[in-house]
Structure formats: C-alpha cells, structure tokens
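Please read the structure below before turning to the comments.
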Amino acid sequence: MAAAGGVPNQEEKYMYSEKVMDHFQNPRNVGEIENPSGVGTVGNAKCGDIMRIYLDIDDNGIIRDCKFKTFGCGAAVATSSMATELVKGKSIQEAMEVTNKAVMEALDGLPPVKVHCSLLAEEAIHAALWDYAEKNHIKITGLTKPKSDIHEGEEAEQEEY
Ligand code: FES
C-alpha cells in the first residue's frame, strides 16, 4: 500500500520482488571454478559484505562458465546469482554491459537501500575480467582497475597476524 503523497511506506521500502526472493532462496551458479580464467573479489566497507566471482573463458573470449561465492545479505546473494546468469555464454564485451542497472532490471528492481548490493555484483564481474586481462596481457575496452578488489588486501591482512 502506498503512503500518502506517493512516498513509499516502510514496508514498500524494504519490499523484494519475486525474482529477488527466488534468486535468494535458490541461487544459481554457487561455488567456485578450479583454475579459473579470472577471479575477482570485492567488498563493501560499510556493510562488510564480500562477493567473489569466478570466470571460465574459452579461447574465443566467450564466458563458458561463471560461479560465485557471496558472504553477504540476501540482495547480494540474489544479485550475484543473477549476474552470473547474465554473463554466462556472453562475450567479454557483452559481459561489460552487465551493469548493476542491468542486474537490477533483470531482478525487477531492488529496494533503494539495497542498490549498493547490485553494485558489488558489477564490481565483482569487472574485477574477475581485470584478473583475466592481466593474466592474458590483454586490454578490455572500458575496463578500469577495480577499486575494491580486496583479494590482495585480504592476504596482506592475514600475513600481519
Ligand atoms: Fe551490503 Fe547488501 S547490505 S551488499
């Protein structure tokens, strides 16, 4: 029910679409890929959620397989699940178009407070593609070094102990 003046009430503010609920309860492509072509780990410093995406890319630059591991909220799980579905079978350039907006649209939207979760999915794909590009000494048009790839930081942190 909409509150007066079209302002969403508390309930609507946190309401999830059926697709979000489905991908949260039955996430697709959970797991890891052994010897991946690229892997990217990103995190959100504010909520502490972490997402890792593995890519298996064939010699023609087509994403054969994609898996994820997410330590985070329900929306982060749902967006990772949808993001992996969207990039599977795509070329690298097509995968670059799987933005957080595209993931959100495919999920029929997210509550405003959960938009950052979909951003994590976009960043994780980019981080995995960056890793692939570095390993293969190639440049991917439009791809910049991921800011929040925490992979190295994580290892550095562990070494301190
Ligand atoms: Fe941070 Fe969802 S609350 S990723």
- [ ] Looking only at region 123-156, count how many residues are modelled with pLDDT of 95 or more, open to solvent by 40 Å² or more (accessible area, probe 1.4 Å), under 17 Å from the mean Cα position of the chain (by Cα) and acidic (Asp, Glu).
- [x] 1
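Looking at the structure I just gave you, is Lys46 out of contact with any strand residue (DSSP E or B) (no Cβ under 6 Å at 6 or more places or on another chain), over 18 Å from Met15 (Cα atoms), among the charged types (D, E, K, R) and open to solvent by 10 Å² or more (accessible area, probe 1.4 Å)?
Numbers: out of contact with any strand residue (DSSP E or B) (no Cβ under 6 Å at 6 or more places or on another chain): yes; over 18 Å from Met15 (Cα atoms): yes; among the charged types (D, E, K, R): yes; open to solvent by 10 Å² or more (accessible area, probe 1.4 Å): yes.
Taking the combined requirement at face value, the residue satisfies it.
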Task: Output for region 102-121, where each listed residue is surrounded by fewer than 22 Cβ atoms within 10 Å (Cβ to Cβ), assigned to a helix (DSSP H, G or I) and in contact with a Ser or Thr (Cβ under 8 Å, 6 or more places away or on another chain) - done: none
TODO: Report, by residue number, each residue of region 24-43 that is over 23 Å from Lys147 (Cα atoms) and open to solvent by less than 20 Å² (accessible area, probe 1.4 Å).
DONE: Gly31
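Here is a yes/no grid of residues against (1) in contact with a Lys or Arg (Cβ under 8 Å, 6 or more places away or on another chain); (2) under 19 Å from Thr70 (Cβ atoms); (3) without any contact (Cβ under 8 Å) to a residue 24 or more places away in the chain; (4) aliphatic (A, V, I, L, M):
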{"residue": "Met82", "(1), (2), (3), (4)": "yes, yes, no, yes"}
{"residue": "Val87", "(1), (2), (3), (4)": "no, yes, no, yes"}
{"residue": "Lys90", "(1), (2), (3), (4)": "no, no, no, no"}
{"residue": "Met96", "(1), (2), (3), (4)": "no, no, no, yes"}
{"residue": "Ala106", "(1), (2), (3), (4)": "yes, yes, no, yes"}
{"residue": "Ala128", "(1), (2), (3), (4)": "no, yes, no, yes"}
{"residue": "Lys145", "(1), (2), (3), (4)": "no, no, yes, no"}
Open item on the list: Quick test of your reading of the structure: Cys73 fulfils all but one of (1) more than 14 Å from the ligand (Cβ to nearest atom); (2) in contact with a Lys or Arg (Cβ under 9 Å, 6 or more places away or on another chain); (3) open to solvent by 20 Å² or more (accessible area, probe 1.4 Å). Name the failing condition by number.
Closed with: (1)
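The values are calculated or read from the model by the stated rules, or taken from the named source; none is laboratory data. Just so we're clear, the structure is a prediction, and the values are computed from it rather than from any experiment. Cβ coordinates were reconstructed from backbone atoms using ideal geometry, including for glycine residues, and neighbour counts include every protein chain displayed. To get the accessible areas, we keep the full protein, side chains included, count just its heavy atoms, and leave off ligands, DNA and RNA. Shrake-Rupley method; radii C 1.70, N 1.55, O 1.52, S 1.80 Å.
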